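> To start, I am sharing the structure in question, which I have written as structure tokens.
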Amino acid sequence: MRHATGLSQSIGCRLTGLSLSTCRYEAQRPASDAHLSVRIIALALKRRRFGFSRIWQLLHREGLYVNHKRVYRLYHLSDLMIKRRRRRKGLATERLPMLRTMAPNLTWSMDLVMDALVTGRKIECLTVTVGFGISGVQFTRTLDSIALFAAIRRR
């Protein structure tokens with residue numbers, strides 16, 4: 001604003017309602033921050049997967065008793081944030097087209113119904129089997145019982 005209007009700093013501060021000391025303030029970092037920042041960077045490069053809290057613990061073990069908020073500030077000012085690891089998706093397999101069956105009831109399809117409670121826990125339902133998680137053994141037993149029931153009913 002001063003450069004655009006040509007006003008002095010004190011008049012510009014008075015017009016905007018700012019304190020003159022606020023306008024003139026320049027943050028001064030203590031010399032201990034520079035030493036601490038160098039040590040944090042060295043530890044972070046040595047231990048790549050360590051976040052600021054683990055580095056803070058390492059500093060404590062070395063005898064540098066520093067506030068964790070100060071370590072956090074210097075860690076982030078140095079752009080040392082570790083990136084979160086992404087979960088690997090299942091491996092892709094080659095998809096084959098479905099073959100047509102020669103007679104009815106040779107292939108079956110499954111319809112799995114899923115619901116959740118208010119707490120967020122999932123309920124899995126398959127025909128009459130209900131549980132908070134159906135294991136593979138239970139699943140195959142249920143399918144076998146359905147297939148047996150269908151075979152008896154066809155007779």
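The values are calculated or read from the model by the stated rules, or taken from the named source; none is laboratory data. Just so you know, these numbers come straight off a predicted model, no measurement behind them. All Cβ positions, even for glycine, are placed from backbone atoms using ideal geometry, and neighbour counts span all protein chains on display.
> Take the conditions outside any helix (DSSP H, G or I), under 30 Å from Thr140 (Cβ atoms) and under 29 Å from the mean Cα position of the chain (by Cα) and apply them to Thr107. Does it pass?
For Thr107, the condition - outside any helix (DSSP H, G or I), under 30 Å from Thr140 (Cβ atoms) and under 29 Å from the mean Cα position of the chain (by Cα) - is not met.
> Checking the conditions here, which among Arg121, Arg39 is within 30 Å of Thr140 (Cβ to Cβ) and at pLDDT 80 or above?
Matching residue, one of Arg121, Arg39: Arg121.
> When the residues of segment 43-62 are filtered to those that are closer than 12 Å to Met81 by Cα and among the aromatic types (Phe, Trp, Tyr), which remaining residue is surrounded by the fewest Cβ atoms within 10 Å (Cβ to Cβ)?
Applying the filter and picking the extreme gives Phe50.
> Which count do you get for residues in segment 52-106 that are at pLDDT below 80 and among the polar types (S, T, N, Q)?
2
> Something else: Can you pull out the residues in segment 50-102 that are of a type in the set (Lys, Arg), closer than 30 Å to Ser37 by Cα and assigned to a loop (DSSP other than H, G, I, E, B)?
Lys83, Arg84, Arg85, Arg86 - these are the residues of segment 50-102 that are of a type in the set (Lys, Arg), closer than 30 Å to Ser37 by Cα and assigned to a loop (DSSP other than H, G, I, E, B).
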